[in-house]
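*Asks:* First, the structure itself, so that you have it in front of you.
The values are calculated or read from the model by the stated rules, or taken from the named source; none is laboratory data. These numbers were taken from a predicted model, which means no experiment stands behind them. No Cβ is skipped: glycine too gets one built from the backbone with ideal geometry, and neighbour counts run over all protein chains shown.
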Amino acid sequence: MAENNRAVLKLKEKFAASIIDVVEFRGEVTVTVKKDSIIDVLMFLKQSLQYNLLTDLTAVDYLGKKEDRFMMVYQLYSIPNKDCVRIKTPVSEADCRIPTATQVWRTANWLERETYDLFGITFDQHPDLRRILMTEDWVGHPLRKDYPLQGPDREPYKGRLS
Amino acid sequence: MATTETMTLNMGPQHPSTHGVLRLVLELDGEVIVKVTPHIGYLHRGIEKLSEHRTYHQILPLTDRLDYLAPMSNNLGYILAVEKLMDVQVPERAETIRIIMAELTRLQSHLVWIACHALDIGAMTVFIYAFRERETVMEIYELISGARMTSNFFRVGGLSQDVPDEFVKKVSDFIDVMPGYLDQYEGLLTTNPIWLKRTVGNGFISAEDAIDLGLTGPALRGSGVDWDLRRDNPYGGYEKYQFKVPVGEKCDTFDRYKVRLVEMREACKIIRQGLDKLKPGPVLADYPQVCYPPKENVYNSIEGLIHHFKIASEGFPAPEGEVYQGVEAPKGELGFYIVSDGGNKPQRFRIRPPSFVNLQSIEKMSLGTMIADLVAVIGTLDIVLGEIDR
């Protein structure tokens, strides 16, 4: 159960005021925390609870579905304890920036560049925040929900005409 | 007084030893590398964006095109993620065939790795030998799925069809001879003085750095970290198999080479155990809301045809929630993160590609070495650009 998860227990002890939500789905525990304490939470998980591997870092666009448009997602894994936990934090469209996690794991460097490139979320104090998959002069952020699938200024595909 | 300045050199995207369309901007002091800046994205096809507009069954063929040297591993990771989301139980026969195919895929991917890696360093014979064996794996692919590379063979809940009768013999014959071929490669390389000079001490990365930079798979195990998802967080039935996880010591290219060779031998053993376990039975779960009906129902009954039509065109709604499934792909941890809003298409579909994360450590591994050693580092990282750019 989520309440007995070692990360959840410790986080509730130490960051009780920052935790927004704890969910368990299909055996996976997700903890949602407030944006201003995200780096402290990640640092604590890495240093005190041995979540030493940042498996993945990405964002989700909830355009029109949630109050805060974006959700940052951090997948953490502990090689010594062989368990994982997912940390999420909401990012609003008006204040579309978040402190970088590169100070915690160097892995975050490219993963944050990708999130910046495809979602347009700015990472403060990132050492090298450039686009990574799209070209440097690209306009827009393709994985945003309001970015058309077929690309800008093109008619949507309507299927074969014949 | 004489002054020196560094030179900037462009390597790729069209360069035979960058394994695809990788572009590296190098800053050189003579022949010594001062700075490496990788530029990627030349193969970006927007698979994550495309997947948000397709039903869960329709996404599967796209996953073949990630790491195109290991299509069945990609299929497996994706299928397991969807099965976790839908809570589907898979029949035992399907599970066993999946593991046999995933391990054959590992062999195939490692064969391409050893072929290209050796060719980059100058040993051409290994390339010819390894591609000869890879051909057999491709034939097995063709036998069961009809395609040599983009297999698209697994389905949510099982397999698209059962394997033909000659499958068992063909796989069995192959893994009987494969260890002998591995001895051949080792005979050509392991004690070869040129090979040793090029790989021992090359591309050093300590265990702490490797974890901090997110390396996974053989590249991490080469640095002495004993961690394998198949053993430590078993998925898809791997808990029923016995195998060793090789670990390196010296954190260099040579140790990563040894780790991958042992992995190939272990893959043969896993396949043998799988063939011994293989019993007749269904290959698709009986879960009509999610799975396709068996083909004979589609062809012979109107209910089956309607069922097929509904699943193929409309798909199935997934419960609201999010799942992450990581699998030990040949190149490292391949993860699929699916966020569902309750519809028949994912709200967010994220692929965690091992090559993308592993490539980040190229700078750490190659700084201060000669430009020719960089080629060995690219080979030892075993990257595939289809997966990096998605």
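*Asks:* For A:Ile38, state whether it is within 24 Å of B:Phe356 (Cβ to Cβ), more than 9 Å from every other protein chain (Cβ to nearest Cβ), touching a strand residue (DSSP E or B) at 6+ places or on another chain (Cβ under 7 Å) and part of a strand (DSSP E or B).
*Replies:* no
*Asks:* Here is a follow-up. Does region B:150-202 hold any residues that are at pLDDT below 90, surrounded by fewer than 21 Cβ atoms within 10 Å (Cβ to Cβ) and among the polar types (S, T, N, Q), and which are they?
*Replies:* B:Thr150, B:Asn152, B:Ser160, B:Gln161, B:Gln184, B:Thr190, B:Thr191, B:Asn192
*Asks:* Filter region A:114-139 down to residues that are of a type outside the set (Val, Ile, Thr) and within 12 Å of the chain's Cα centre (by Cα) and give me whichever is farthest from the other protein chains (Cβ to nearest Cβ).
*Replies:* Here the answer is A:Phe123.
*Asks:* Any idea which residue in region B:45-90 is farthest from the other protein chains (Cβ to nearest Cβ), counting only those that are in a loop (DSSP other than H, G, I, E, B) and closer than 18 Å to B:Asp341 by Cα?
*Replies:* Once the filter is applied, the top-ranked residue is B:Thr55.
*Asks:* Of everything in region A:103-134 that's surrounded by 11 or more Cβ atoms within 10 Å (Cβ to Cβ) and polar (S, T, N, Q), which residue is nearest to A:Met43 (Cα to Cα)?
*Replies:* Checked region A:103-134; the qualifying residue nearest to A:Met43 (Cα to Cα) is A:Gln103.
*Asks:* Please go through region A:41-72 and pick out each residue that is among the charged types (D, E, K, R) and at the interface with chain B (Cβ under 8 Å from one of its Cβ atoms).
*Replies:* A:Asp56, A:Asp61, A:Lys65
*Asks:* Only residues that are touching a residue at least 12 places away in the same chain (Cβ under 8 Å) and assigned to a loop (DSSP other than H, G, I, E, B): list them for region B:160-189, please.
*Replies:* Answer for region B:160-189, where residues must be touching a residue at least 12 places away in the same chain (Cβ under 8 Å) and assigned to a loop (DSSP other than H, G, I, E, B): B:Ser160, B:Gln161, B:Asp162, B:Val163, B:Pro164.
*Asks:* Still on this model: State yes or no: is B:Val90 more than 21 Å from the chain's Cα centre (by Cα) and more than 26 Å from B:Lys279 (Cα to Cα)?
*Replies:* no
*Asks:* Please enumerate the residues belonging to region A:25-41 that are of a type in the set (Asp, Glu) and closer than 23 Å to B:Pro319 by Cα.
*Replies:* Across region A:25-41, the qualifying residue is only A:Glu28.
*Asks:* I'm trying to understand the selection: among the residues of region B:224-249, which are crowded, with 20+ Cβ neighbours inside 10 Å and either within 12 Å of chain A (Cβ to nearest Cβ) or of a type in the set (Lys, Arg) (or both)?
*Replies:* Within region B:224-249, B:Val225, B:Trp227, B:Asp228, B:Leu229, B:Arg230 meet the criteria.
*Asks:* Right, something else. Of all residues in region A:77-114, how many are under 27 Å from B:Ala207 (Cβ atoms), not basic (Lys, Arg) and not in a loop (DSSP other than H, G, I, E, B)?
*Replies:* Qualifying residue count for the region: 12.
*Asks:* On to the next question. When the residues of region B:368-390 are narrowed to those that are out of contact with any helix residue (DSSP H, G or I) (no Cβ under 7 Å at 6 or more places or on another chain) and within 14 Å of chain A (Cβ to nearest Cβ), which ends up nearest to B:Tyr68 (Cα to Cα)?
*Replies:* Checking each candidate, the answer is B:Gly386.
*Asks:* Report yes if some residue within region B:103-116 is assigned to a helix (DSSP H, G or I), within 14 Å of another protein chain (Cβ to nearest Cβ), over 18 Å from B:Arg230 (Cα atoms) and of a type in the set (A, V, I, L, M); otherwise report no.
*Replies:* Scanning region B:103-116 turns up no residue that is assigned to a helix (DSSP H, G or I), within 14 Å of another protein chain (Cβ to nearest Cβ), over 18 Å from B:Arg230 (Cα atoms) and of a type in the set (A, V, I, L, M).
*Asks:* If B:Val384 satisfies every condition in (1) surrounded by 18 or more Cβ atoms within 10 Å (Cβ to Cβ); (2) in contact with a strand residue (DSSP E or B) (Cβ under 7 Å, 6 or more places away or on another chain); (3) among the β-branched types (Val, Ile, Thr) but one, which is the exception?
*Replies:* Failed condition: (2).
*Asks:* Hey, can you tell me all the residues within region B:320-360 that are more than 28 Å from B:Leu104 (Cα to Cα) and either facing chain A (nearest Cβ under 9 Å) or surrounded by fewer than 24 Cβ atoms within 10 Å (Cβ to Cβ) (or both)?
*Replies:* Correct list: B:Glu320, B:Gly321, B:Glu322, B:Val339, B:Ser340, B:Asp341, B:Gly342, B:Gly343, B:Asn344, B:Lys345, B:Gln347, B:Arg348.
*Asks:* List every residue pair whose Cβ atoms sit under 8 Å apart, with the two residues 6 or more apart in sequence or on different chains, where the first one lies in region B:304-329 and is over 30 Å from B:Asp228 (Cβ atoms) and the second, anywhere, is in a strand (DSSP E or B) and small (Gly, Ala, Ser).
*Replies:* B:Pro319/B:Ser340; B:Glu320/B:Ser340
*Asks:* Specify the residue that is surrounded by the fewest Cβ atoms within 10 Å (Cβ to Cβ); the eligible residues are those in region B:5-44 that are small (Gly, Ala, Ser) and in contact (Cβ under 8 Å) with a residue 12 or more places away in the chain.
*Replies:* Once the filter is applied, the top-ranked residue is B:Ser17.
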